[in-house]
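Remarks on the structure that follows.
The values are calculated or read from the model by the stated rules, or taken from the named source; none is laboratory data. Keep in mind it's a predicted model, so treat the numbers as computed, not measured. Cβ atoms come from the backbone with ideal geometry, glycine included; neighbour counts cover every protein chain shown.
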Amino acid sequence: MSLERALAPLAIAIAVIGLAVWLMLINDIVLGQWLLALLVFAHGWVHLMFVFPKPERSGDYAGVSEYPFDFGRSWLIRRAGLDISVVRTIGLVVMVVTFAASLLAALATVGLIVPVDWWAPLMLAAAVASSVMLVLFYSPALILGFAIDALIVVLVLSGSWSPA
């Protein structure tokens, strides 16, 4: 199965859910805030897949035969010649930053613990850290992550909604 065919249902679902959440946000429906917080948290959580063991089943992962969540696949090893331990350390640091920024952004989205004034910088930090992670450990199966990061940046920079 081609990558496009494998990712199409997920891409459509993300687009529909994103549109629904955005419509709720701009119409001041509180559920939209909670759903956005959940989506931002979930996006950050996906980055933690890099530390979970590779599933034993073999096969395609969204049309790609290699498991996408693997620090050892980085171009930093193949092209830049860095040692796997250095690349893994870089990956772990970026992964933790991505998850922490996503978690804090999600909390700021709903005004829990984290001040809502921190929302925009945290959302941008989460999107940038995620994009850095995706560039360093690129896999075609993770391409939707770039789209999600772009949508986060557009939401923040457009000013169409904020929790403040």
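Summary table below
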quantity: Test for ALA8: is it under 17 Å from the mean Cα position of the chain (by Cα), at pLDDT below 90 and of a type outside the set (Val, Ile, Thr); calculated: no
quantity: Members of region 125-134 that are surrounded by 18 or more Cβ atoms within 10 Å (Cβ to Cβ) and either without any contact (Cβ under 8 Å) to a residue 60 or more places away in the chain or at positive phi (or both); calculated: ALA125, ALA127, ALA129, SER131, LEU134
quantity: Sole exception among (1) in a helix (DSSP H, G or I); (2) modelled with pLDDT of 80 or more for ASP28, by number; calculated: (1)
quantity: Residue count for region 105-124, restricted to those that are of a type outside the set (Gly, Ala, Ser), surrounded by fewer than 22 Cβ atoms within 10 Å (Cβ to Cβ) and on the phi < 0 side of the Ramachandran plot; calculated: 10
quantity: Where a residue in region 93-116 is touching a residue at least 12 places away in the same chain (Cβ under 8 Å) and its partner, wherever it lies, is of a type in the set (Ser, Thr, Tyr) and part of a helix (DSSP H, G or I), with Cβ under 6 Å and at least six apart; calculated: THR98/SER130
quantity: Some residue of region 18-25 being touching a Phe, Trp or Tyr at 6+ places or on another chain (Cβ under 6 Å), in a helix (DSSP H, G or I) and surrounded by 12 or more Cβ atoms within 10 Å (Cβ to Cβ); calculated: yes
